[in-house]
1. Within the stretch 65-83, restricting attention to residues that are at pLDDT below 80 and not in a helix (DSSP H, G or I), which residue is surrounded by the most Cβ atoms within 10 Å (Cβ to Cβ)?
2. Only one of these is touching a residue at least 24 places away in the same chain (Cβ under 8 Å) and either more than 11 Å from the chain's Cα centre (by Cα) or open to solvent by 30 Å² or more (accessible area, probe 1.4 Å) (or both): Phe186, Phe150, Phe190. Name it.
3. Please identify the pairs in which a residue from the stretch 114-138 that is among the hydroxyl-bearing types (Ser, Thr, Tyr) and open to solvent by 30 Å² or more (accessible area, probe 1.4 Å) has its Cβ atom under 8 Å from the Cβ atom of a residue that is modelled with pLDDT of 95 or more and not in a loop (DSSP other than H, G, I, E, B), counting only partners at least 6 apart or on another chain.
4. Within the stretch 5-40, track down each residue that is among the charged types (D, E, K, R) and at pLDDT 85 or above.
5. Taking the condition of being closer than 21 Å to Leu56 by Cβ and hydroxyl-bearing (Ser, Thr, Tyr), how many residues in the stretch 144-161 meet it?
6. What is the residue count in the stretch 1-12 for residues that are part of a helix (DSSP H, G or I) and open to solvent by 70 Å² or more (accessible area, probe 1.4 Å)?
7. For the stretch 148-170, which positions are among the small types (Gly, Ala, Ser) and farther than 25 Å from Thr183 by Cα?
8. Residue check: is Gly119 farther than 17 Å from Phe190 by Cβ, modelled with pLDDT of 85 or more and under 15 Å from the mean Cα position of the chain (by Cα)?
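The values are calculated or read from the model by the stated rules, or taken from the named source; none is laboratory data. All values derive from a computational prediction rather than experimental measurement. Cβ placement follows ideal geometry from the backbone for every residue including glycine, while neighbour counts extend to all protein chains displayed. The protein model used for the area step is the full one, side chains on, heavy atoms only, and it has no ligands, DNA or RNA in it. Shrake-Rupley method; radii C 1.70, N 1.55, O 1.52, S 1.80 Å.
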Amino acid sequence: MSQRFQAQCTKEELLAKFGDRPIRLSTANTYSYQKVDLPFQEYVDQLLEPQDLDSLGSETLYFFGDNNFTEWGSLFQRYRPPPFRIPGTTGAYSFGIAGSGSGVPFHWHGPGFSEVIFGRKRWFLYPPEKTPEFHPNRTTLSWLLDTYPFLPSWERPMECTIHPGEVLYFPDRWWHATLNLDTSVFISTFLG
């Protein structure tokens with residue numbers, strides 16, 4: 001990631017360029033797909049806060065994905081993704097900003113990369129043949145506090161924390177959950 005791109009992603013720069021633009025938030029659980037539209041400034045002012053430990057995933061709104069390429073295009077045009085591709089495909093970007101303790105619980109989809117611009121993001125991954133133990137409407141934070149400590153070592157996921165400028169590749173159909181350790185700005189490139 002270039003420092004120039006990172007400079008475009010500060011809170012001040014994003015609010016100056018996109019504050020009045022509508023964004024689409026999604027619920028942070030595995031199987032519901034509720035969407036809420038509101039101005040980006042309102043999200044930053046009212047919802048970009050640490051995760052409430054008692055909130056369910058269906059009550060937690062998360063800004064990631066559903067980016068309008070036309071409105072956010074000026075930002076995406078400055079981004080240089082990791083130099084890896086699946087032949088014959090074009091990557092699709094998904095930009096996100098989330099508060100500390102927030103994240104997306106276990107789910108899977110096609111392959112891609114995730115890069116942190118600001119903050120730190122912890123990842124938990126299981127191969128496709130090993131379905132993780134989780135409740136689809138609990139947040140990743142509640143899973144980490146209530147389930148993870150009681151998993152035997154052989155049942156624990158692969159895990160890592162990525163920092164600004166670091167990239168994680170997630171393989172096709174691998175189960176994964178994320179947890180933002182700080183208020184984080186990140187972008188994913190979905191391949192295929």
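1. Asn67
2. Phe190
3. Thr131/Trp175
4. First pass over the stretch 5-40, keeping only residues among the charged types (D, E, K, R): 11-13, 17, 20-21, 24, 35, 37.
Passing the criteria: Lys11, Glu12, Glu13, Lys17, Asp20, Arg21, Asp37.
5. The initial filter retains those residues of the stretch 144-161 that are closer than 21 Å to Leu56 by Cβ, namely 144-150.
Applying the additional criterion that residues be hydroxyl-bearing (Ser, Thr, Tyr) yields 147-148.
The total comes to 2.
6. The total comes to 4.
7. Ser153
8. yes
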